[in-house]
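Undergrad: One structure coming up, written as structure tokens, with questions to follow.
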């Protein structure tokens, strides 16, 4: 721990426990240590050799078994905080980060919760109550109807009435969750029951609550979110927007800031609405208000994520504000130290999520050993990762391996930097989506900035796959593979396996030229 004169702020705690794993645990633990505080990790048995355990000042083993026994075990995590002397708990994202009962239990244990109050989480965590609060606060919401049918409902009368009122196509969404889980598109009445039952089942499995609600499906819209910060002194600001429109099945793929489709006037109006939304629930800390932006400039409240977002680095890159540091300061009762007129936009940032998954096989999660892991580096390149060479990638956890974030003076330069960084990202031993990301980022729609949420799902996925290389390339690749001693059925270059039939990798040339406008 640093001497007192080196610490950045007079914190109310000297030790922080991070109740998470993977890249977000690594990100927060490093921020805690940088602040001169003691960093404590928790881990399950499969994670005993993980990076977040290695970098922590202390790591506490959680009970063995399924997630409910370790990373979702509230009592065990609070006990770990007591045992380690942690005065605060940071939940990261996912797991218990948006569980109001956990936030309340932490506070009741006289441990500081680094996040919003339980009531804010409750209101915004339930989409029906969030929608109602936004309407009463004057925040524009997507046209729809509030209707709730618990899982196992005997009939769908109320839902059918609401669907007829909203009109088709429509969207059924899990009230208690996010991230695309429990969400189904219904294009015609005869599909209502089937899609409702599927949404309710998935919502129950993911969130323990099968309640869904109905809203109009906006096609050709952008997914734009606003980062907000609020402290306990009544200050609330926004840090501009992020564009998360490049999605696959409601899962974000590439995010950027600022949005290429947001004008200064829309940015100001949307930012004001996000601040209004945060104030409506007495929000404290870092949070994100998500909107759908139509082509005519209208925007509608989608949901609020009462935690740190996966894509928070792009906001940090263009504003220079360390969001985790601000979370620590706000949790300590300090003023955030930045006013709205001090928030600026410098350059352009893009984030690509690196997953262990096979884009050629329906994006199935992949497993294996990271025999080689070489992340790119250089000016304007940031890699947030929870893995390193030699780690096992299993089906036990989310398949995201890392986040590649680039920053450059312009969007065009940022795209070039992203492509260069992706081309130099080497992951051997496990299939990744790196080639898919390169192709997506070089797609004409992305290059033009004309991105909508249905771009990937409405396109032929072959548009985003690598072309077949010429015969000469196959020979060169085969020779290189033999020199490296690779097993052609399990390893590859840039995260892609060498195909057992053709003998070439999914990304045959990392020097393959890209055409940019």
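Undergrad: Being in contact with a helix residue (DSSP H, G or I) (Cβ under 7 Å, 6 or more places away or on another chain) and within 18 Å of residue 317 (Cα to Cα): is that true of residue 381 here? Lay out the reasoning, then the answer.
TA: Values: in contact with a helix residue (DSSP H, G or I) (Cβ under 7 Å, 6 or more places away or on another chain): yes; within 18 Å of residue 317 (Cα to Cα): yes.
Yes, satisfied.
Undergrad: Let me ask something else about it. Identify the single condition in (1) touching a helix residue (DSSP H, G or I) at 6+ places or on another chain (Cβ under 9 Å); (2) at pLDDT below 95; (3) in the same structural domain as residue 280 (by TED's automatic domain parsing) that residue 211 does not satisfy, given that it satisfies every other one.
TA: Among (1) touching a helix residue (DSSP H, G or I) at 6+ places or on another chain (Cβ under 9 Å); (2) at pLDDT below 95; (3) in the same structural domain as residue 280 (by TED's automatic domain parsing), the lone unmet condition for residue 211 is (3).
Undergrad: Here is a follow-up. Please determine whether any residue of region 138-146 is modelled with pLDDT of 95 or more, more than 16 Å from residue 203 (Cβ to Cβ), assigned to a loop (DSSP other than H, G, I, E, B) and touching a strand residue (DSSP E or B) at 6+ places or on another chain (Cβ under 9 Å).
TA: The answer is yes; a qualifying residue exists.
Undergrad: In the set 199, 203, 274, which member is crowded, with 18+ Cβ neighbours inside 10 Å, in the same structural domain as residue 343 (by TED's automatic domain parsing) and not in a strand (DSSP E or B)?
TA: 274
Undergrad: Could you identify the single residue in 443, 407 that is in contact with a helix residue (DSSP H, G or I) (Cβ under 9 Å, 6 or more places away or on another chain), without any contact (Cβ under 8 Å) to a residue 24 or more places away in the chain and in the same structural domain as residue 292 (by TED's automatic domain parsing)?
TA: Values: 407 fails: without any contact (Cβ under 8 Å) to a residue 24 or more places away in the chain.
Sole residue among the options that is in contact with a helix residue (DSSP H, G or I) (Cβ under 9 Å, 6 or more places away or on another chain), without any contact (Cβ under 8 Å) to a residue 24 or more places away in the chain and in the same structural domain as residue 292 (by TED's automatic domain parsing): 443.
Undergrad: Residue check: is residue 195 touching a strand residue (DSSP E or B) at 6+ places or on another chain (Cβ under 7 Å) and closer than 26 Å to residue 451 by Cα? Walk me through how you get there before you give the answer.
TA: Numbers: touching a strand residue (DSSP E or B) at 6+ places or on another chain (Cβ under 7 Å): yes; closer than 26 Å to residue 451 by Cα: no.
No; evaluated as a whole, the condition is false for this residue.
Undergrad: Exactly one condition in (1) more than 21 Å from residue 89 (Cβ to Cβ); (2) within 17 Å of the chain's Cα centre (by Cα) is false for residue 342; which is it?
TA: Exception for residue 342: condition (2).
Undergrad: Only one of 235, 240 is assigned by TED's automatic domain parsing to the domain that holds residue 312 and within 26 Å of residue 349 (Cα to Cα). Can you tell me which?
TA: Working: 235 fails: within 26 Å of residue 349 (Cα to Cα).
It is 240.
Undergrad: Can you report the number of residues in region 182-196 which are in a loop (DSSP other than H, G, I, E, B) and at pLDDT below 90? Give the derivation first.
TA: The first filter runs over region 182-196 and keeps only residues in a loop (DSSP other than H, G, I, E, B), leaving 182, 187-188.
Right, trim to at pLDDT below 90 and you get 182.
Qualifying residue count, region 182-196: 1.
Undergrad: Give just the number: which of (1) out of contact with any strand residue (DSSP E or B) (no Cβ under 8 Å at 6 or more places or on another chain); (2) at pLDDT 95 or above; (3) more than 26 Å from residue 110 (Cβ to Cβ) does residue 66 not satisfy?
TA: (2)
Undergrad: Please count how many residues of region 108-135 are without any contact (Cβ under 8 Å) to a residue 24 or more places away in the chain, surrounded by fewer than 19 Cβ atoms within 10 Å (Cβ to Cβ) and in a helix (DSSP H, G or I).
TA: Step one: filter region 108-135 for residues without any contact (Cβ under 8 Å) to a residue 24 or more places away in the chain, giving 108, 110, 118, 122, 129, 132, 135.
Subsequent filtering for residues that are surrounded by fewer than 19 Cβ atoms within 10 Å (Cβ to Cβ) retains 108, 110, 129, 132, 135.
Retained after the next criterion (residues that are in a helix (DSSP H, G or I)): 108, 129, 132, 135.
Number satisfying all stated conditions: 4.
Undergrad: Are there strands (runs of 3 or more DSSP E) fully within region 1-107 with at least 3 residues that are surrounded by fewer than 23 Cβ atoms within 10 Å (Cβ to Cβ) and in contact (Cβ under 8 Å) with a residue 24 or more places away in the chain? List them.
TA: On the way: elements: 15-18, 38-43, 58-61, 88-90.
Result: empty, no element qualifies.
Undergrad: Scan region 392-404 and give yes if some residue there is in the same structural domain as residue 315 (by TED's automatic domain parsing), in a strand (DSSP E or B) and closer than 29 Å to residue 273 by Cβ, otherwise no.
TA: Yes, region 392-404 has at least one match.
Undergrad: Follow-up question, since we're still on this one. With respect to the numbered conditions (1) surrounded by fewer than 23 Cβ atoms within 10 Å (Cβ to Cβ); (2) at pLDDT 95 or above, which one is the sole condition not fulfilled by residue 429?
TA: The one condition residue 429 does not meet is (1).
Undergrad: Oh, and also: Considering 161, 253, which residue is within 19 Å of the chain's Cα centre (by Cα) and either surrounded by 21 or more Cβ atoms within 10 Å (Cβ to Cβ) or farther than 29 Å from residue 101 by Cα (or both)?
TA: Being within 19 Å of the chain's Cα centre (by Cα) and either surrounded by 21 or more Cβ atoms within 10 Å (Cβ to Cβ) or farther than 29 Å from residue 101 by Cα (or both) holds for just one of 161, 253, which is 253.
The values are calculated or read from the model by the stated rules, or taken from the named source; none is laboratory data. Note that this is a predicted model, so its numbers are computed, not measured. Cβ sites come from the backbone with ideal geometry, for glycine too, and all protein chains shown count toward neighbours.
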